[in-house]
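What follows is a single structure, written as structure tokens, with notes after it.
The values are calculated or read from the model by the stated rules, or taken from the named source; none is laboratory data. If you're wondering where the values come from, they're calculated on a predicted model, not measured in any experiment. Neighbour counts run over all protein chains shown; Cβ positions are idealised from the backbone, glycine included. These accessible areas exclude ligands, DNA and RNA; they are computed on the full protein's heavy atoms, side chains included. Shrake-Rupley method; radii C 1.70, N 1.55, O 1.52, S 1.80 Å.
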Amino acid sequence: MPPQCAGNKAGQVVRMRPFIQNEVMSQDSPKDGGLWLKTLCRTCNGLASKYDAAYGDLAQRAARVGRLRETQFALPVSASGVPPIPVSPGRVARSLLHGMVALTPSMSLVHQNFLDELLRDDEIRLPDGLQLRVARITHPQCRISSAYWMQQVLGERQNYDVFAEICFYPFIWVLCSSPSPSLGASLVDREGWGDATDWIQYNRTAVRSDLRDVLDRLPVTVHPTLRDRGKWMELSSKDRSYVLEGLIRG
């Protein structure tokens, strides 16, 4: 999460584990080896690996387009920011959601039916209220986490509230829900991240669609932890929040 075929492996990623001690967040020593957590059983891990190649292919194609645009190579430009590349939406969503479930063990307490559907690997829908959203990133900092909440308290009021996130070039994916209006605008909604919520409903045998046909927009963003941290309040649980951060080597 993301899979090795997307570049998440030793030699390409240096990772750190944030931890909270005396109410202060710190980092442990950097390690080689990519971002991963041993939280999936063998059955689930084997099922997820069936779809990892589809995610790796999408990530590699999107990264290639990004690198070409950075060199000012002439490419078709869409107002929505979605590149003209092929995708297998059902298979990509399965790869992502298996990883996100592994990041969020508490899902079993509130969405057991959804987990059962993932294991049956047949007709699957996200539980009501949950959304799978995506944006594009250009920074080399990467991160996987669960149950993480941030609130901008200085300047414009907005929040970043996720059940799970996978931030790894060229994408950031989040599993989230619509926030309470009293907390301010959702950063995800305010920036207009793409909505991939219905991807999981695509048949897993559908192996080639145009990304522009299944995603309405793909803005470029920066992870909230890389913004002005002095304006944000953060909330996580040292017992229930899994967080790994790292740096993708050039």
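Give segment 1-44 a look and list any residue that's among the polar types (S, T, N, Q) and either at pLDDT 75 or above or on the phi < 0 side of the Ramachandran plot (or both), or say none. Q4, N8, Q12, Q21, S26, Q27, S29, T39, T43 - these are the residues of segment 1-44 that are among the polar types (S, T, N, Q) and either at pLDDT 75 or above or on the phi < 0 side of the Ramachandran plot (or both).
Of the residues making up segment 87-121, those that are touching a strand residue (DSSP E or B) at 6+ places or on another chain (Cβ under 9 Å) and among the aliphatic types (A, V, I, L, M) are V87, A93, L96, L97, M100, V101, A102, L103, M107.
Selection within segment 45-75: residues that are of a type in the set (G, A, S) and modelled with pLDDT of 85 or more. The member of this set that is most open to solvent (accessible area, probe 1.4 Å) is A53.
Listed here are the residues, each with its yes/no results for (1) touching a residue at least 24 places away in the same chain (Cβ under 8 Å); (2) in contact with a Cys (Cβ under 9 Å, 6 or more places away or on another chain); (3) part of a strand (DSSP E or B).
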| position | (1), (2), (3) |
| --- | --- |
| G192 | yes, no, no |
| I200 | yes, no, no |
| R204 | yes, no, no |
| V207 | yes, no, no |
| D213 | no, no, no |
| V222 | yes, no, no |
| G230 | yes, no, no |
| E234 | yes, no, yes |
| E245 | yes, yes, yes |
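Table: residues versus (1) at pLDDT below 90; (2) closer than 27 Å to A62 by Cα; (3) surrounded by fewer than 19 Cβ atoms within 10 Å (Cβ to Cβ).
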| site | (1), (2), (3) |
| --- | --- |
| R136 | no, yes, no |
| C142 | no, yes, no |
| S146 | yes, yes, no |
| V174 | no, yes, no |
| P181 | yes, no, yes |
